[in-house]
Amino acid sequence: MSPLVALALLSPLPQQGPIVADFKDPKGVNAVSIATDGAMEPFFGMASGVSGKLRFDPANPEATTGDIIVKTQSIKLPLPELEESMKAEWCLDAEKYPDIVFSIDKISDVKRNGNRYDGTVTGRLTLHGVTKPLTTTASTTFLAGKAKERFGDKPGDLLVVRCDFEFNRLDFGIGKGLSEQLVSNMVKVRVAIVGTALHP
């Protein structure tokens, strides 16, 4: 074995640096689900207008920063009349408040298992013109070099984010006069989205 080959084998592999993952999915798969468990009318819906960017460093996941944005108008419910009512001025007021934003302030208690990172996310949820602190657990899976397998012709990395949380709609001034028998005060949210960091 030549000295050059031996040196190459002994040299450490290059470390993956920070990436900026874009969650505006070219395939249009990303969506966030919502559910309320009202005593008389439990229902769920989906919001597909997901965008935003996260800066993620696999060597320092605690330093993750960025925003995830959901278009209020993209929320879909099983009943068109209910959907139209929910987006109206008295409820979400989608025309006045077009974006729902979660901004990450801090990541803590991170545990790594292979390419998966589990931790606690502290941030701010902005909804209906009101911003409130929000803390939840989340998992992130970093798939280095896997973008080409998903898109076929686009080399890059994938970042898959999953989390579940809930909030009280009254904290955000949503549907103040609406009976909890019809729509629960607590709204459950499930996030499972993939961001892409394409290589130059």
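The values are calculated or read from the model by the stated rules, or taken from the named source; none is laboratory data. All values reported here derive from a predicted model rather than from experimental measurement. Cβ coordinates were reconstructed from backbone atoms using ideal geometry, including for glycine residues, and neighbour counts include every protein chain displayed.
What to note about this one:
- For residue 182, the conditions (1) out of contact with any Asp or Glu (no Cβ under 7 Å at 6 or more places or on another chain); (2) at pLDDT below 95 are fulfilled apart from (1).
- Residue selection: residue 54 fails the criterion of being crowded, with 19+ Cβ neighbours inside 10 Å, over 19 Å from the mean Cα position of the chain (by Cα) and not charged (D, E, K, R).
- Residue 110 being more than 18 Å from residue 71 (Cα to Cα) and at pLDDT 95 or above: yes
- With respect to (1) touching a Ser or Thr at 6+ places or on another chain (Cβ under 8 Å); (2) of a type in the set (A, V, I, L, M); (3) farther than 20 Å from residue 70 by Cβ, the lone exception for residue 198 is condition (1).
- Residues satisfying the stated conditions in segment 188-199, i.e. in a strand (DSSP E or B) and more than 16 Å from the chain's Cα centre (by Cα): 198
- Filtered by the rule that a residue be at pLDDT 95 or above and surrounded by 19 or more Cβ atoms within 10 Å (Cβ to Cβ), segment 75-86 gives a lone residue, 75.
- Residue in segment 52-66 that is modelled with pLDDT of 95 or more, among the β-branched types (Val, Ile, Thr) and within 27 Å of residue 17 (Cβ to Cβ) present: yes
- Any chance residue 47 is among the small types (Gly, Ala, Ser) and surrounded by 15 or more Cβ atoms within 10 Å (Cβ to Cβ): yes
- Any hit, segment 80-91, residues being among the polar types (S, T, N, Q), in a helix (DSSP H, G or I) and more than 19 Å from residue 19 (Cα to Cα): yes
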